[in-house]
Amino acid sequence: MSPDPRASAASGPVRARRSPHVEPAPLPASFCDRPAEIVARELLGALLVSEVGGERCLCEIVETEAYVGPEDDASHAAARFGRTARNDAMFGPAGTAYVYLIYGVHWCLNVVTGVEGFGAAVLLRAARPIEGGEAMRARRPGRPDRDLLRGPGNLARALGVDAALNRHPMNAPPLWIAPGRTVSDTEVAIGPRIGITRAADWPLRFWVAGDPHVSKMR
């Protein structure tokens, strides 16, 4: 999550029509109605599908970070900030998107977890492209395929995610999460989150060990 907890977040759900034939079928919102650290681990291997702008892109999530609630000083929802207009979407229903801007340049995509009003979410940090490479390359020209979705800002840009998707239910077009492959515990690495100064040693970053699409440590 952004080191600046006051980073801009847009309001208002995206206007999208629910298709009766969503493929692959989305995960139910109840999948996210659990603690952020559990959801973060179990999202590894899940599919993230974007049809933003009419361009279909599909990828496999390979890296996440959990922001676990008001006691987490690295979170936008830390107790010292409380609920504000900027972070309000993070307190929304489980399974909805929390989209915010960092450094005035990069949008970041999170999925809200747990009980509504608690303020927890999972940041989607990196993914492996599967389908829609042409559209992703057009949004991130000059980048090798390995880097198209590597890092949260890059992931959001490649999939066309911006302010319009803040509060969007992540089980409906044009952006949703679907079941993917099962990632065994032996494939999962766990360590500190990236780019934060508070609670920096908490082991709440999860990634597929050895996957070349995972973010570089800084």
Problem set entry | Along each principal axis, Cα extent of region 108-157, largest first, Å | 41, 17, 14
For this session: Leaving ligands, DNA and RNA out of it, report the carbon-plus-sulfur percent of the accessible area of region 81-149 at a 1.4 Å probe.
Result: 53
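Contour minus end-to-end for Asp88 and Tyr103, with contour as 0.36 nm per residue of separation and end-to-end as the Cα-Cα distance?
On the way: separation 15, 0.36 × 15 = 5.40 nm, distance 1.93 nm.
Taking Asp88 through Tyr103 to full extension adds about 3.5 nm, to one decimal.
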Problem set entry | Gain on full stretching of the segment that runs from Ile190 to Lys216 - 0.36 nm per residue minus C-alpha separation | 7.9 nm
Exercise. Stretch Ala163-Arg198 to full length: gain in nm at 0.36 nm per residue minus the Cα-Cα span?
Worked result: 10.0 nm
Seminar exercise, completed: With the charge dipole of the chain built from beta-carbon charges (+1 for Lys and Arg, -1 for Asp and Glu) about the Cα centre, the Cα from Leu165, Thr182, Thr113 projecting farthest to the positive end belongs to Leu165
Problem set entry | Sequence of Thr113, Thr84, Thr197 from largest to smallest accessible area, 1.4 Å probe | Thr197, Thr84, Thr113
Seminar exercise, completed: The rounded separation in angstrom of the Cα centers of region 23-89 and region 99-140 is 8
Exercise. How long is region 51-164 along each principal axis, judged by its Cα atoms, biggest number first, in Å?
Worked result: 42, 25, 23
Problem set entry | Solvent exposure, largest accessible area first (probe 1.4 Å, DNA, RNA and ligands not counted), of Phe91, Phe31, Phe118 | Phe118, Phe31, Phe91
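How big is the charge dipole of region 28-172 about its Cα centre, in debye rounded to the nearest 20, if each Lys and Arg gets +1 on its Cβ and each Asp and Glu gets -1 on its Cβ?
Values: 16 positive and 18 negative charges, 82 e Å.
Around 400 debye, computed over region 28-172.
Return the Rg/Rh ratio of region 159-218 with Cα-based radii and a Kirkwood Rh.
Working: Rg = 14.9 Å, Rh = 14.4 Å.
Radius of gyration over Kirkwood radius for region 159-218 works out to 1.04.
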For this session: In whole Hz, with x marking every Gly and Pro, tabulate ³J(HN,Hα) for region 141-153 from phi via Karplus 6.51 cos²θ - 1.76 cosθ + 1.60, θ = phi - 60°.
Result: x, x, 9, x, 4, 4, 9, 4, 10, 9, x, x, x
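The values are calculated or read from the model by the stated rules, or taken from the named source; none is laboratory data. Source: prediction; values computed, not measured. Here Cβ is always computed from backbone atoms with ideal geometry, including for glycine, and neighbour counts include all displayed protein chains. In case anyone asks, the SASA skips ligands and DNA or RNA and just uses the protein heavy atoms, side chains included. Shrake-Rupley method; radii C 1.70, N 1.55, O 1.52, S 1.80 Å.
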